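One structure is given below, encoded as structure tokens.
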Amino acid sequence: GESVGLHLPTLSVQEGDNSIINCAYSNSASDYFIWYKQESGKGPQFIIDIRSNMDKRQGQRVTVLLNKTVKHLSLQIAATQPGDSAVYFCADVSGSRLTFGEGTQLTVNP
Amino acid sequence: DVKVTQSSRYLVKRTGEKVFLECVQDMDHENMFWYRQDPGLGLRLIYFSYDVKMKEKGDIPEGYSVSREKKERFSLILESASTNQTSMYLCASSLWASGGTDTQYFGPGTRLTVL
């Protein structure tokens, strides 16, 4: 079946560095992609989204890149802060349903 | 801001008990969802609903049922709880959007332990 997966389960960075979290998807018919952040003991929180007809979208300190040729999605976090430590999920949206990757644990070292 | 609330943050039940997990959203969203989240398995869709009194099975509906009597409330029911239903349960809601661009907003989760 279709799946969304993440390349690395963990990522450790120094405070102030930029972070890049990657995601591969397999459903070429995906309409839309979302990145979520989940802190320990909390529900996933929406960060940023991108439609399938775009290749880049920027938010506050975050940028999502979409490469449809290789079915790859990335989340870039600029000047990573301790408060960015969390699990990050990408999700593929087709219709009203989401397919989630397992998540990448981002740890920010002071 | 979208607000999705879940009735309990932590719940401990015994095997065989009937368990109700309640979810309420305050943004008049049409769609509501129940997921469970387990280490190594990610989020898996149990049931979802597009409208009042409508429900659709997700990927792992066995052992669960749902109820949506009002638009803002979506209940997950474990008819006879079992230890393998120990998990984090997450509710989400979304406003239907054309072009398949629904964003789901999540509640804080209920950590259920079945003894």
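Enter the buried accessible area of the A/B pair, total of both sides, probe 1.4 Å, in Å² rounded to the nearest 100. Its buried surface, counting both partners, is about 1700 Å².
Distance between the 7 Å Cα→Cβ label points at residue A:72 and residue B:7: 4.7 nm. A cut-off of 5 Å between modelled amide H atoms, ignoring neighbours fewer than 5 places along the same chain, links residue A:107 with A:11, A:12, A:13. Spacing of the modelled spin labels on residue B:51 and residue B:27, each 7 Å from Cα toward Cβ, amounts to 2.2 nm. Taking a quarter of the surface of the Cα convex hull of chain B gives a mean projected area of 7.0 nm².
Mean partner shielding of peptide B:42-49, defined as the number of other chain Cβ atoms within 10 Å of each residue Cβ, is 4. The accessible surface of the stretch B:2-42, taken with every protein chain in place and a 1.4 Å probe, is 52 percent carbon and sulfur. Taking every residue in A:93-103 and counting other chain Cβ atoms within 10 Å of its Cβ, the average works out to 6.
Note that the protein assembly as shown presents 48 Å² accessible area per residue, ligands and nucleic acids not counted, probe 1.4 Å. Net charge of the neighbourhood of residue A:85, taken over other residues with C-beta under 11 Å away and scored Lys/Arg +1, Asp/Glu -1, is -2.
Farthest toward the positive end of the dipole of chain B, out of B:25, B:37, B:58, is the Cα of B:37, where the dipole comes from beta carbon charges about the Cα centre. Each residue of the stretch A:70-80 was assigned a 3J(HN,Hα) from its phi angle through the Karplus expression (A = 6.51, B = -1.76, C = 1.60, θ = phi - 60°), giving 10, 6, 10, 10, 9, 10, 10, 10, 8, 6, 4 Hz with x at Gly and Pro. Shielding by partners for peptide B:25-36, expressed as the average number of C-beta atoms from other protein chains within 10 Å of each residue's C-beta, is 1.
Averaging the Cα positions of each part gives two centres, and for the stretch B:47-78 and the stretch A:68-110 these lie 28 Å apart.
Shown in residue order for the stretch B:29-39 are the 3J(HN,Hα) couplings computed by the Karplus curve 6.51 cos²θ - 1.76 cosθ + 1.60 at θ = phi - 60°: 6, 6, 9, 9, 9, 10, 10, 10, 10, 10, x Hz (x for Gly and Pro).
Computed about its Cα centre, the charge dipole of chain A is approximately 240 debye, with only Lys, Arg, Asp and Glu carrying charge at their Cβ.
Between residue A:28 and residue B:80, the modelled label-to-label distance comes to 4.7 nm, taking each label 7 Å out from Cα in the direction of the beta carbon. Seen from residue A:11, the other residues with C-beta closer than 11 Å to its C-beta sum to a net charge of -2, counting Lys and Arg as +1 and Asp and Glu as -1. Near residue B:55: Cβ cut-off under 12 Å, other residues only, Lys/Arg at +1 and Asp/Glu at -1. The net charge is 0. For the listed peptides B:107-114, B:57-64, a ranking on the average number of other beta carbons within 10 Å per residue, highest first, reads B:107-114, B:57-64.
The values are calculated or read from the model by the stated rules, or taken from the named source; none is laboratory data. In this text, all values refer to a predicted model and were calculated from it rather than measured experimentally. As a convention, Cβ positions derive from the backbone with ideal geometry for all residues, glycine included, and neighbour counts pool all protein chains shown. To get the accessible areas, we keep the full protein, side chains included, count just its heavy atoms, and leave off ligands, DNA and RNA. Shrake-Rupley method; radii C 1.70, N 1.55, O 1.52, S 1.80 Å.
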